[in-house]
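Notes follow once the structure below has been shown.
The values are calculated or read from the model by the stated rules, or taken from the named source; none is laboratory data. On a predicted model such as this, the values are computed, not experimentally measured, just so you know. With ideal geometry, Cβ positions are generated from the backbone for all residues, glycine too; neighbour counts draw on all protein chains shown.
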Amino acid sequence: MTIWIDSSEKLHAFCTDEVRDVLAVDTESDHFHAYRPRVCLIQVATPEATAFVDPLAMGQAQMAPLLELFEDDGVEKLLHSARNDLGELDRDYGVDFHSVFDTQVAARFLDYQRNSLDWLLEEVCGVEPGPDFGRFDWTQRPLPDRALHYAEGDVVHLFELHRRFREELESLGWLEAFEQQCAHICRSTEHQLNPFDPEGWRGLRGVDKLDGRGRATARQLYLWRHELCLEINRSPVTFFSNSALIRLAKKRPISMEELEARSRVSKSLVEDHGREIVDVIRRAGEAPIPPKDVEDPRYRGSKPTAEERARYKRLRSWRNETSRRLVIPGEFIATNATLKKIAANPPKTVEELGEFSAILAWHCELLGSEILDAMGG
């Protein structure tokens, strides 16, 4: 049974009547098309029913019954690559997930050859992969049947993966560590807004081949494009790509005739914003020329001492060897970022080691003394 939910009444009924102790969850967003993406569809499934929840039709208050389930410890949520969906839902709703079973993390703990959902569904569930919907516009309504079929497939098979992976994790003795890893994902996943960098134009491919006036033009076009994308909420890739921006900075047409004849940008861009582009290029002709090379402040900061570098190297070698010995990904033992923090502030006891947020109880119990030994050389 499938249900389309676009009202608080329907959502409350589903959450009350259908959901018991487990719920499969996935989301679809408009990253490819929008400059400020948002969740456009939430798929939630029980073993008996699948609901397509339309967040575009409901506000935060109307979504409350589902958001409360996401935060309910008593309802296990099945997701694949949970960080992605948790980050999206945190951005739009500020929801804090609890009791998550991440099938991708499980597959990695179990050393499956691959861990993408398509591969697992084909190998474990015998489900043939469908078409790619990576560039699909999930804001359109009504959604076509083919899109709904794709969206449903991302949740209905998670129950079978959940059953199989839980049994395998338990038989191999990894279930508790896996559950701690999933809980850590819930605690540590928070949407981070990437602020607009006015100097981001320097990272565009081909900017190093521009002359001084070309750099000034690229900068002005980059700033103008940002303001336009904010206003119309469209992703640059859908109408004003980086390559088109660099071509304009190189050619620098200063009339509509030149823009149409020489720029090789899309006809729709010329028709909708051609005069604005020409005006920006003209103004860039009088703007100060940016220096070719600048020191990037993002890479400034104090360097680790020789002792810290040596400690980090020993920790990383131990982590990599332990990863091979336990046959689990190294990042589940400790990421490089965590090892650098430990190397910079070395703990003296296992209890102090446990104060690092990414070091979990199972790390301390199983590997704590090894970490302290590895750190000491």
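Summed over region 260-278, the residues that are touching a Lys or Arg at 6+ places or on another chain (Cβ under 8 Å) and assigned to a helix (DSSP H, G or I) give a count of 1.
Residues in region 201-242 that are without any contact (Cβ under 8 Å) to a residue 60 or more places away in the chain, assigned to a helix (DSSP H, G or I) and surrounded by 13 or more Cβ atoms within 10 Å (Cβ to Cβ): Trp201, Val207, Gly214, Ala218, Tyr222, Leu223, Trp224, Arg225, His226, Leu228, Asn242.
For region 33-46, does any single residue satisfy the condition of being of a type in the set (Gly, Ala, Ser) and more than 20 Å from Asp85 (Cα to Cα)? The answer is no, given that none of the residues of region 33-46 is of a type in the set (Gly, Ala, Ser) and more than 20 Å from Asp85 (Cα to Cα). In region 266-293, the residues that are farther than 15 Å from Ala244 by Cα form Cβ pairs under 6 Å with partners that are part of a loop (DSSP other than H, G, I, E, B), at six or more places apart or across chains, as follows: Arg282/Ile254.
Just to be sure, is Leu245 within 33 Å of the chain's Cα centre (by Cα), hydrophobic (A, V, I, L, M, F, W, C), farther than 19 Å from Val294 by Cα and in a helix (DSSP H, G or I)? Yes.
Among the residues here, Ile246 does not qualify as in contact with a Ser or Thr (Cβ under 9 Å, 6 or more places away or on another chain) and buried (at least 17 other Cβ atoms within 10 Å of the Cβ).
If I go through region 138-162 residue by residue, how many of them are out of contact with any helix residue (DSSP H, G or I) (no Cβ under 6 Å at 6 or more places or on another chain) and farther than 13 Å from Lys77 by Cα? So the answer is 17.
Screening region 1-108 for helices (runs of 4 or more DSSP H) wholly inside it with 1 or more residues that are at pLDDT below 95, of a type outside the set (S, T, N, Q) and surrounded by fewer than 16 Cβ atoms within 10 Å (Cβ to Cβ) returns the ranges 8-17.
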